[in-house]
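Quick notes on the structure that follows.
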Amino acid sequence: MAYPPDGIVQTWLNSLAGLDIRVKKMFGCYCVYCDNQPVGWLSEAVFSLREVGLDYLPDGLRRPAPGDSIQEIVIPLDYAGSEWLPRAVQDTSRILRERPRRRK
């Protein structure tokens, strides 16, 4: 993973305007939080959104299989500004918040 250039980070943030979004440098990329829930990662030019089973995402996005170790949907920069993206990030945050926490 590699930190994306500032301009790319700003492009993604602009596409999520109006949401309670913050980013934090972590593990060589930016962790993206919506409403204080970690919903994905910005690395290089892509946004990896955590998989929560949203059924309205474009067919062109590759979904992880249930047994895959990484449960994220890689969203290329071409999708920044798509009208479904803010809703997907907000819904991901809500679903993660409502899920019961796993005990370690």
Problem - Whole-Hz ³J(HN,Hα) from phi, Karplus 6.51 cos²θ - 1.76 cosθ + 1.60, for the stretch 66-74, glycine and proline x - result: x, x, 4, 5, 10, 9, 9, 9, 7
Exercise for the section: Multiply the residue gap between Arg62 and Ala2 by 0.36 nm, knock off their C-alpha separation, and tell me the result in nm, one decimal place. Expected result: 19.5 nm
Fill in the blank from the handout: Calc'd 3J(HN,Hα), the stretch 16-33, phi into Karplus 6.51 cos²θ - 1.76 cosθ + 1.60 (θ = phi - 60°), Hz, glycine/Pro = x, comes to 10, 4, x, 9, 7, 10, 9, 10, 9, 5, 6, 6, x, 8, 10, 7, 9, 10
Fill in the blank from the handout: Listed by chain and number, the residues whose amide H is under 5 Å from that of Cys29, excluding neighbours fewer than 5 places away on the same chain and using placed H, are none
Problem - Overall dimensions of the chain as given by Cα atoms, namely Rg and Dmax in Å - result: 13.1, 39
Fill in the blank from the handout: Relative contact order in percent for the chain (Cα pairs under 8 Å, 6+ apart) equals 27 percent
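Mind checking the per residue accessible area of the stretch 51-104 for me, 1.4 Å probe, whole number of Å²?
74 Å²
The values are calculated or read from the model by the stated rules, or taken from the named source; none is laboratory data. Everything numeric in this text was worked out from a predicted model, so none of it was measured. Each accessible area value is taken on the protein alone, full model and side chains, heavy atoms only, with ligands, DNA and RNA left out. Shrake-Rupley method; radii C 1.70, N 1.55, O 1.52, S 1.80 Å.
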